[in-house]
Amino acid sequence: AQKVTQAQTEISVVEKEDVTLDCVYETRDTTYYLFWYKQPPSGELVFLIRRNSFDEQNEISGRYSWNFQKSTSSFNFTITASQVVDSAVYFCALTENSGYSTLTFGKGTMLLVSP
Amino acid sequence: AAGVIQSPRHLIKEKRETATLKCYPIPRHDTVYWYQQGPGQDPQFLISFYEKMQSDKGSIPDRFSAQQFSDYHSELNMSSLELGDSALYFCASSLGGTGRTEAFFGQGTRLTVV
């Protein structure tokens, strides 16, 4: 069975600090997909990134970067120079490749960025 | 770009009443998912449809049912509502399943059962 663990329940930083959100996953499949979603206080779930299990290249998108390491089953998310608007709950999620697999979410990490 | 549309955005019902939530997927998306997110919880998968057929089933109570129509919109029907059904209900859509493409979520329907 697939499982996603986000050990950090809440992180507080001051604006302009860098922050890393941890995600560790478990799956028996060799092909799987990892995701990060952002849920701001307004409640919607915003897609941030999808990564498949065969692509271990790190990715950078503006102030966001992701570090995927199969050896440690981790898919960590770093926000550089955090801003107040980054305050949200961030979910890491996993889907396996079998059939029409659905997303299994971690418990989420609440990020609070103060001015 | 068109997104997933859910209606209503907010709904208040009394215990034992019924509720119907609607979801309009992104055009050309053939897969619809329903998730339930309780307060302070992560989203939990309820049910999904691919090409109007149920494709997967999660922790959906027997009191709930859903279907996908010929125009690909989907409805989640909830009967005999309980206080514990109060949650944010998300619909998501994708093309061919989340393994191949990302699922985009609607803004959710916040259901409050009183």
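In the stretch B:66-80, the qualifying residues are those that are in contact (Cβ under 8 Å) with a residue 40 or more places away in the chain and surrounded by fewer than 22 Cβ atoms within 10 Å (Cβ to Cβ), and the one that is nearest to the chain's Cα centre (by Cα) is B:GLU75. For the stretch A:1-59, taking the residues that are within 12 Å of another protein chain (Cβ to nearest Cβ) and in contact with a helix residue (DSSP H, G or I) (Cβ under 9 Å, 6 or more places away or on another chain), the one that is modelled with the lowest pLDDT is identified as A:SER53. Of everything listed in (1) under 13 Å from the mean Cα position of the chain (by Cα); (2) closer than 28 Å to A:PHE54 by Cα; (3) surrounded by 15 or more Cβ atoms within 10 Å (Cβ to Cβ), the single unmet condition for B:LYS57 is (3). If you filter the stretch B:81-114 down to residues that are surrounded by fewer than 20 Cβ atoms within 10 Å (Cβ to Cβ) and aliphatic (A, V, I, L, M), you find that the one that is nearest to the other protein chains (Cβ to nearest Cβ) is B:LEU95. For the stretch A:87-115, the set of residues classified as more than 16 Å from the chain's Cα centre (by Cα) and over 16 Å from A:ASP29 (Cα atoms) consists of A:VAL113, A:SER114, A:PRO115, listed by residue number. Screening the stretch B:32-54 for residues that are within 11 Å of another protein chain (Cβ to nearest Cβ) and over 19 Å from A:GLU44 (Cβ atoms) and picking the one that is surrounded by the most Cβ atoms within 10 Å (Cβ to Cβ) gives B:SER48. Take the stretch B:81-114 and flag every residue that is under 11 Å from the mean Cα position of the chain (by Cα) and either of a type in the set (Phe, Trp, Tyr) or on the phi > 0 side of the Ramachandran plot (or both). Listed by number, the residues that qualify are B:TYR89, B:PHE90, B:PHE105, B:GLY108. Could you please let me know if A:PHE75 is away from every other protein chain (no Cβ under 14 Å), crowded, with 16+ Cβ neighbours inside 10 Å, among the aromatic types (Phe, Trp, Tyr) and in contact with a Cys (Cβ under 8 Å, 6 or more places away or on another chain)? Yes: the conditions hold for A:PHE75. For the stretch A:53-62, the criterion of a residue being on the phi < 0 side of the Ramachandran plot, surrounded by 17 or more Cβ atoms within 10 Å (Cβ to Cβ) and free of Cβ contacts under 8 Å to residues at least 12 places away in the same chain is satisfied by no position. Checked against (1) outside any loop (DSSP other than H, G, I, E, B); (2) within 14 Å of chain A (Cβ to nearest Cβ); (3) within 30 Å of A:LEU34 (Cβ to Cβ), B:LEU21 passes all but a single condition, namely (2).
Taking the stretch A:55-86, which residues are among the hydrophobic types (A, V, I, L, M, F, W, C) and under 14 Å from the mean Cα position of the chain (by Cα)?
The answer is A:ILE60, A:TRP66, A:PHE68, A:PHE75, A:PHE77, A:ILE79.
Here B:LEU81 meets each of (1) modelled with pLDDT under 95; (2) part of a loop (DSSP other than H, G, I, E, B); (3) not charged (D, E, K, R) with one exception, condition (1). Among the residues of the stretch B:3-18, which ones are of a type in the set (Gly, Ala, Ser) and part of a strand (DSSP E or B)? Matches in the stretch B:3-18: B:SER7 only.
Residues checked against (1) touching a residue at least 12 places away in the same chain (Cβ under 8 Å); (2) over 16 Å from A:SER65 (Cβ atoms); (3) of a type in the set (Phe, Trp, Tyr):
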residue: A:GLU10; (1), (2), (3): yes, yes, no
residue: A:ASP22; (1), (2), (3): yes, no, no
residue: A:GLN39; (1), (2), (3): yes, yes, no
residue: A:GLY43; (1), (2), (3): no, yes, no
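The values are calculated or read from the model by the stated rules, or taken from the named source; none is laboratory data. Predicted model only: the values in this text are computed from it and were never measured. Neighbour counts are summed over all protein chains in view; Cβ atoms, including those assigned to glycine, are modelled from backbone coordinates with ideal geometry.
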